[in-house]
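Below you'll find the structure, written out as structure tokens, and then a few comments.
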Amino acid sequence: MKVRTLLLLIVLIVIAAFTALNWGVFMAPATLSLGIATVQAPLGLVMLGMLAFLVALFLVFVVYFQTSLLLDTRRNARELQVSRELADQAEASRFTELRGFLEEALKKQADTDAETRAAVLARLAQLDRDLRAAIEESGNTISAYIGELDDRLERTKG
């Protein structure tokens, strides 16, 4: 039990005990003025009735306050759920956008790599042709020199 509830229960028990112990005095008739008329009624009973009315009024107020608080809590929970869903949708949209961006960037990189590879392969093929041509030209030049040296040797021998 909460401390407040226990304290309220103790106060109500004390008031009930006080009323029971002094019931005779509570029921003693007294002249009461209502402003426009006077009546004979037990003052203790009238005061006890006013106390009961105030307690009932307080309980109605507490029930109203709890109900409005519960309704506000439910409304806030619904708004929070809607906000959470919107945030999830925005996050999913950002992930989709990021995925598209990454796919596009990777495609561009792959295209660039393919172009670079083709350029390198073309350059290597050109260098291979140039090297073969240079080797063939060197071979022809050496053959010509050897042929010329053969001719000179034959002329000097003969």
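For Leu70, are the conditions met, namely being modelled with pLDDT of 95 or more and within 60 Å of the chain's Cα centre (by Cα)?
Details: modelled with pLDDT of 95 or more: yes; within 60 Å of the chain's Cα centre (by Cα): yes.
Yes; evaluated as a whole, the condition is true for this residue.
List the pairs whose first member sits in the stretch 1-14 and is under 13 Å from Leu51 (Cβ atoms), whose second member is not aromatic (Phe, Trp, Tyr), and whose Cβ atoms are under 9 Å apart, counting only residues at least 6 apart or on separate chains?
Hits for this filter: Leu12/Val55.
Yes/no per residue for (1) of a type outside the set (S, T, N, Q); (2) surrounded by 10 or more Cβ atoms within 10 Å (Cβ to Cβ); (3) within 30 Å of Arg4 (Cα to Cα):
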| residue | (1), (2), (3) |
| --- | --- |
| Phe26 | yes, yes, yes |
| Pro42 | yes, yes, no |
| Met50 | yes, yes, yes |
| Ser83 | no, yes, no |
| Phe101 | yes, yes, no |
| Ala125 | yes, yes, no |
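Please state which one of Ala77, Ala52, Ala92 is outside any strand (DSSP E or B) and at pLDDT 95 or above. Reasoning before the result, please.
Working: Ala52 fails: at pLDDT 95 or above; Ala92 fails: at pLDDT 95 or above.
Ala77 is the lone residue from the list that is outside any strand (DSSP E or B) and at pLDDT 95 or above.
Count, please, the residues in the stretch 20-62 that happen to be small (Gly, Ala, Ser) and within 60 Å of the chain's Cα centre (by Cα). Step through it out loud before you land on a result.
Looking only at the stretch 20-62, we keep the residues that are small (Gly, Ala, Ser), and these are 20, 24, 28, 30, 33, 35, 37, 41, 44, 49, 52, 56.
Of the ones still in play, those that are also within 60 Å of the chain's Cα centre (by Cα) are 49, 52, 56.
Summing the residues that are small (Gly, Ala, Ser) and within 60 Å of the chain's Cα centre (by Cα) in the stretch 20-62 gives 3.
The values are calculated or read from the model by the stated rules, or taken from the named source; none is laboratory data. Predicted, not measured: the structure shown is a model, and the values here were computed from it. Cβ coordinates were reconstructed from backbone atoms using ideal geometry, including for glycine residues, and neighbour counts include every protein chain displayed.
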